[in-house]
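Some notes on the structure that comes next.
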Amino acid sequence: MPRSLRPSRHQRLAELIVSYRDKAGLKQSEVAARLGRHQPFVSDIESGQRRVDLIELLDLAEAIGFDPRELVTALLETPKD
């Protein structure tokens, strides 16, 4: 039985997005504005309440300023549940 309701890779994705945003010195509201979305959109992603599709991930990478390939590599290194 899984230890969590969310898969470990999904949790890791949310953690990485938070980490990249923090390193960039951005607030959730600033990222949301760059995406043309409202702040709860970013909050839901970071809390794991909302899954991210590939295009949204690329948009987040551009808005925050990180290399999405680096994030995908980290996710591939995260064990599956």
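Where a number appears in this text, it was derived from the coordinates with a stated rule and is not lab data. Bear in mind that the values here come from a model prediction, so they are computed numbers and not experimental data. Cβ sites come from the backbone with ideal geometry, for glycine too, and all protein chains shown count toward neighbours.
Details
- Residue within the stretch 42-61 that is touching a Phe, Trp or Tyr at 6+ places or on another chain (Cβ under 7 Å), in contact (Cβ under 8 Å) with a residue 40 or more places away in the chain and hydrophobic (A, V, I, L, M, F, W, C) present: no
- Pairs linking a residue in the stretch 63-79 that is without any contact (Cβ under 8 Å) to a residue 12 or more places away in the chain to a residue that is charged (D, E, K, R) and assigned to a helix (DSSP H, G or I), with Cβ atoms under 6 Å and 6 or more positions apart or on different chains, do not occur.
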